[in-house]
Amino acid sequence: MVTIDDYLEFETEWCPGCGNFGILKAIKKALVNLGKEPHEVLIVSGIGQAGKLPHYMKCNTFNGLHGRTLPPATGAKIANHELTVLTVGGDGDAYGEGGNHIIHAIRRNPNITAIVHDNQIYGLTKGQASPTSELGMKTKVQTHGVFNTPLNPLALAISLDCSFVARGYAGNIEHLIGILEEAINHRGFALVDILQPCVSFNKLNTFKWYAERVYRLDEEGYVPDDRITAFERSLEWGDKIPIGVFYKKEKPILEDGFSILKEGKLISRPKDQAHIDELIDTFM
Ligand SMILES: Cc1ncc(C[n+]2csc(CCOP(=O)(O)OP(=O)(O)O)c2C)c(N)n1
Ligand code: SF4
């Protein structure tokens, strides 16, 4: 039986107290609770502090370009649709540099879980504003305060009828584990935006700030099956910040469109090297 030790512990380069530690623990625990062995899992990351996460656990990993987690993750899922595929990245990676990709991944609906460490700042590059930074937040670059409207990832995803939309909080690991389990089990594209305090560069959205505001949707009897209600809830931000599953819907996934996958994994099919060489030659 798989245990958390199978995913191994590594020394990290994260700052002490960073919200990323809680997310790493929750991802490992969710995978163990679902009985997933490391060889059955692929984690694709981009660049950033969040993008380092796959370096700190043993499983299949791919660390690609900033903002470009979803194209290789989608390719890998098509090549081996039996893999459990997760992507991880920061809010800059997912919604800034990768903003185009997330929109089209939602439309395609591959069976992938996209995990976003949303610290509302560019952490690795030492604290510039990101797409989710609050209006007025001052940084070393935005010295007069952020004046671009923050992107609301949940509202965006729900407006595009994303098949699973949730928000977790790195300060409530038990709750986050449950959300991740549900997201990974969901058949379709699942966006899990996680409030992740960056203790070094975001002095506004701290653990204390969140602890005073975050509340659980499930404790209010919320049912995540209505798109309009979900959209309304996604706009709630300020004195009260909801966490949990906002919206869930069953719909056809990208893999359903490839009938050849019913015959088994593409990677298990016999390879015709002469045909591959012929194809490569067409690019020369
Ligand atoms: C295309 C591209 N643009 C910019 C950079 C420089 N860069 C590397 S990490 C980073 C910010 C990362 O912020 P975020 O994605 O929010 O992750 P965090 O470090 O906060 O976890 C930037 C701008 C890059 N590597 N590639
Ligand atoms: S800079 Fe921020 S996000 Fe990066 S490791 Fe430190 S606390 Fe975490």
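At a glance:
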| quantity | calculated |
| --- | --- |
| DSSP beta bridges in the chain [antiparallel fraction, %, rounded to 5] | 15 percent |
| The range 101-181: GluC sites (Glu not before Pro) in DSSP coil with no more than 16 other Cβ atoms inside 10 Å | 134 |
| Between the range 155-194 and the range 1-74, the Cα center-to-center distance that results, in Å | 16 Å |
| Relative packing of 186-193, 5-12, 63-70, which averages over residues the other C-beta atoms within 10 Å, highest first | 186-193, 63-70, 5-12 |
| Percent breakdown of C-alpha pair distances by 5 Å bin, ordered from the shortest bin, for the chain | 1, 6, 12, 16, 19, 17, 12, 7, 4, 3, 1, 1, 0 |
| Candidate lysines for bridging to residue 138, where Cα separation is under 30 Å - those fewer than 8 sequence places away on the same chain excluded | 52, 126, 203, 208, 240 |
| Relative contact order [Cα under 8 Å, 6+ residues apart], the chain, whole percent | 18 percent |
| Listed residues 113, 87, 143, most fluctuating in the chain (Gaussian network, C-alpha, under 10 Å) | 143 |
| Expected-Rg normalisation [2.2 N^0.38 Å, Cα atoms] applied to the range 123-258 | 1.13 |
| Estimated [θ] at 222 nm from DSSP helical runs (n ≥ 4, -39500 (n - 2.57)) normalised by residues in the chain, nearest 500 | -7500 deg cm²/dmol |
| Gaussian network model of the chain, springs between alpha carbon atoms under 10 Å - residue of 86, 42, 266 with greatest fluctuation | 266 |
| Residue with peak Gaussian network fluctuation, the chain [Cα springs, cutoff 10 Å], from 34, 24, 254 | 34 |
| Fraction of accessible area attributable to carbon and sulfur, the range 133-275 (%, probe 1.4 Å) | 55 percent |
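The values are calculated or read from the model by the stated rules, or taken from the named source; none is laboratory data. This is a predicted model, so every value here is computed, not measured. Please note: Cβ atoms are built from the backbone with ideal geometry, for glycine as well, and neighbour counts cover all protein chains shown. Calculation scope for accessible area: heavy atoms of the full protein, side chains included, ligands and nucleic acids excluded. Shrake-Rupley method; radii C 1.70, N 1.55, O 1.52, S 1.80 Å.
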